[in-house]
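Take a look at the structure below.
Read-outs: derived from the displayed coordinates by stated rules, not from any lab. Everything numeric in this text was worked out from a predicted model, so none of it was measured. As a convention, Cβ positions derive from the backbone with ideal geometry for all residues, glycine included, and neighbour counts pool all protein chains shown.
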Amino acid sequence: MYPCFRWCGLKVLSLVSVVCFVLVCVTSSQAATLPAVSCSLYASPSGSGVGDGSQGEPFGSAQRLVSALAPGQTGCLMGGVYSQPELSFARGGQAGAPITLASFPGQTATLTGGFVYVPSGSNDVTIENVHIDTAASTQVGVQLMATDGSLIGDDITNDQAHTSCIILGSNLGWGQALGTVIEDDVIHQCGNVADGNQDHAIYFDNTIDAQVSDNVIWGTAAFAIHLYQDAQGTRITHNVIVDNGYGVIFAGSAEHASDNNIVAHNIIADSTVGYDVQSWWGGTIGTGNIAQDNCLADGRMGDQTTVSTGFSSSNNLDAASPMFVDAAAHDYQLQSGSPCQSIIGSDTAAGIAATPVATAARAHNLRAHSTRKPRHHRRHHRRHHHRQTAKV
């Protein structure tokens, strides 16, 4: 019924740059606390092709910076736009000593043009405080195929292009994503409504112990959280998941089933095509999946399926409205008296709103708002084929 699988190829994910919108003004005391950045090497859009990566002679591309990093080092991108057909992490860090790519403190870097690829074996890679906009790519934006990869404090979109924003792991042999952390991000406008239920915000294809927390996910064409087809032990907590085609799905294929995944203390609201929480199984039904203590509101087909096959549901609040400050402007802070406040435990959108990337995204949104196409109500498409292409 809902096997929304669209891949567009492995090494098929694309990641990169950003056109951001979203979020709200908030006092600094509410801001998410991101780790302080200490730069080891540097790149700048005005850098030289012969630069040595020092602050005085920065590299001229994001790829040169990434390729020069050793375990425990942080590569800082000076503010500006970095365009490349692919940004690939050919090697990773070590446990406790990751390779980190980040915007220079106080500035915002934008990755654009192509996808970001962290292949199997390139473990312990962190990308933080960066705009990633893969609208120009035909592949999934961010592809994490390794162990202990992290996306922290980023703004990620493909500006309604025809593919998903993030994929974790692959059942086609490209790798398994183990211990992925996605935290304090804004993930928005992923996929095109013309593709029906094929384009997602986060696609969990082959994962173990992923942690997705304190993010704002909005405007996805299909599923915000697509736990298909082999997601094991995922924790989805304290996120604001709103205005997507569908919210969360527990799902599996004929060969695999997603098990032991917990979705708790989230706001999941205003799904424009289907349910806020649902399941679908192509073969064996998953076990140990739980949706509990969430604030659900106004899914087009309902807050959750009436027959919750493959997951248990408890203590979820069916709210009339989350009472966002200004949902039409994508300001998902909670008004005083919101029924969701006690469920989610904190105001996630307020915590993100004052981070550097969110501040820059908000400014971009104000500039771009008048030229953007309105987001129309979606038609309900059901596709039962898994479109994939070869790694390029």
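Some points to look at:
- Three-way shape call for segment 50-188 based on the alpha-carbon gyration tensor, with the a/c threshold at 1.5: oblate
- Where a label projected 7 Å from the Cα of residue 308 along Cα→Cβ would reach, residues of segment 267-282 with amide N under 16 Å: 267-269, 275-280
- The packing ranking of peptides 111-122, 143-154, highest mean first, is 143-154, 111-122, where packing means the average number of other beta carbon atoms within 10 angstrom of each residue.
- Sorted peptide list for 59-67, 349-357, criterion being average Cβ within 10 angstrom, highest first: 349-357, 59-67
- Beta bridges per DSSP, both residues in segment 28-371: antiparallel share near 5 percent.
- Note on residue 40 and residue 54: their simple-model spin labels are 1.8 nm apart, each label 7 Å out from Cα toward Cβ.
- Under the Karplus curve 6.51 cos²θ - 1.76 cosθ + 1.60, θ = phi - 60°, whole-Hz ³J(HN,Hα) for segment 179-185, x wherever Gly or Pro sits: x, 5, 10, 10, 8, 6, 9
- Relative contact order [Cα under 8 Å, 6+ residues apart], segment 28-371, whole percent: 10
- Burial ranking of peptide ranges 196-202, 180-186, 309-315 (average Cβ count within 10 Å, highest at the top): 196-202, 180-186, 309-315
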